[in-house]
Structures are given as C-alpha cells and as structure tokens.
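Single-structure report; data block below.
Every number in this text was worked out from the coordinates using simple rules, so none of it is lab data. What you see is a predicted model, and the numbers here were worked out from it, not measured in a lab. For neighbour counting, all protein chains shown are included, and Cβ atoms are generated from backbone atoms with ideal geometry for every residue, glycine included.
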Amino acid sequence: MSFSNSPLPPGVDFRPEYLDFRRGIHVGNLEDNQRITRILKLALETRYRRPFVTERYGRGVYWRWIGFLLKANREAKPRSNACSFGCSKFFISVEPEDKLFKCGLQVERGYLKAPRGYSEWKLQDDWDWNRLVARLKPASPLDCELSRLAGEGFAMFAGSWSGVSLPPTPGQYPGARKLKRLLEAADPNEWAGFQLYYPMTEDEVRRSSGADLVESMLAIFEEVSRVHDLTSDVPLWL
C-alpha cells in the first residue's frame, strides 16, 4: 500500500537511519527539525488543531516506542485523567527482535490484577479499552473498519506483551467475535493491549527518504483515525 499526500511541517530533516533496527528510534542529540517526536506532534496538532501528549518507552538517546494521544481525550476521563494508559493513541515503534518498524494505533488494557504498588496500571471503567471491547460486534462500524484496514495490509496484535494471542500477520483479521474473545482472554496478571499497525521492514525503511517516511507515518495515522474515534471519549475532529 502506498501512503502519500500528508503535508510535512516546514524544514523537516528526518533521516531513515534514525529508525535504528538494533537500538530503537533515535531521538536524543538531534535538532528539533530532525527529532521525530517533535515532527509528528507538530504535524498532528496542526492537522487537528488541538494539543497532543507525547509518551514513550525507553530512555537516553534511543526509544523503543513513542505514543501520541489527544490531550482532550485524557482530560475527559473522570477517574483516569492523570495518566495516559486509558487512552487510545497513535504510536510508532522499532522492534529489534522482529526487525520491524510499526506505525498505527494502540489501545491498552493494563492489568486486571495489578502487581503490588501499581494500582494506577489496573484497568479502570473509564479507559478506552472498554469501548473497544464493547464495540467489537459483527457488522458494526468498528468491525467493518478493522476488516477494511486488514485488507490494506495492516496487522493486529491482541493479548499480553509476554504472550501474543493473535499472531500479528499483515492482512489477517479474525472477525469481531474472535478478536473480542482473544482480548477478553488475555492473562489478567500481564499487561495487555491491542495494536493496529502497518509494518515496514528494515529494507523498506532504508529504501525510503526521511520525508517519505514521515509522510507515511502521518498517512497511516489518518488511516487508523476512524478506529481511534470509535474507541475514544473525544474524537479527533470536533
């Protein structure tokens, strides 16, 4: 699938080598116009004309995962507005183990039985996860959109991070009923979630220009925006 026609912020100097398939996403010691966190956040805020919050997994110069969530969606949570776990979010990640770059949408469940001292990581009734699961019905708008995206080459992850319930194969969508069962069956003692993403191999990344990669990321976010809105308290477009 080809992604294009997503306008870039002026002066972008992102480079393919900043997606490092051994260490992660290079974000440290770069100029603002090279740092993907700033580039994507600025582009999203320009497109939707509202603030976004950036989250990340990693430390130092290289990060493994970066998320972008609509600030208004977090603020709409009556109990969970102080954390980002409960929000649907756009994400990018580099998976050194799989040699994949992933870009798409993530909805987290967290724990059903949180470890001692981590109660804020336990699923709450105002998290977007609940809406995701509730709206997974045959022939529903969410079901139709997931089926469409699978047909476009998107992959899905469903389950706990330590034990995948749904093999993340591009083009595979098991249907609303089975996906819902997989999500509900995720280990309550493990962190679980759902990812909808477009995968790119290291070779595909290296054969692209930096501008092409940023345009593709923004276009992928646009492709999954309908799923974002179907699972969120606050839609991207008012």
The chain: angle of helix 210-223 to the longest principal axis, Cα-based, in degrees nearest 10: 30 degrees
Sparse-neighbour loop sites [trypsin sites (Lys or Arg not before Pro); the range 70-107; at most 15 other C-beta within 10 Å; DSSP]: 79, 99
Karplus (6.51, -1.76, 1.60) ³J(HN,Hα), θ = phi - 60°, over the range 133-138, in Hz, Gly and Pro reported as x: 5, 5, 8, 7, 10, x
Cα centroid of the range 173-238 to Cα centroid of the range 91-159, whole Å: 7 Å
When each of 41/113; 71/137; 77/99 is checked by Cα-Cα distance, pairs over 31 Å: 41/113; 77/99
Isotropically averaged projected area of the range 106-187, using the convex hull of Cα atoms (one quarter of hull area), nm²: 5.4 nm²
Per-residue [θ]222 nm for the chain (sum of -39500 (n - 2.57) over DSSP H runs n ≥ 4, rounded to 500): -8500 deg cm²/dmol
Note, ³J(HN,Hα) from phi for the range 185-201, Karplus 6.51, -1.76, 1.60, rounded to Hz, x at Gly and Pro: 8, 4, 3, x, 8, 10, 5, 10, x, 10, 10, 10, 8, 9, x, 10, 7
Derived scalar couplings ³J(HN,Hα) [the range 140-154; Karplus, 6.51 cos²θ - 1.76 cosθ + 1.60; whole Hz; x for Gly, Pro]: 6, x, 5, 4, 5, 6, 5, 5, 4, 5, 4, x, 8, x, 6
Between helix 36-48 and the chain: long-axis angle, C-alpha atoms, 0 to 90°, nearest 10: 70 degrees
Amide H contacts under 5 Å for residue 159, placed H, 5+ residues apart: 165, 193
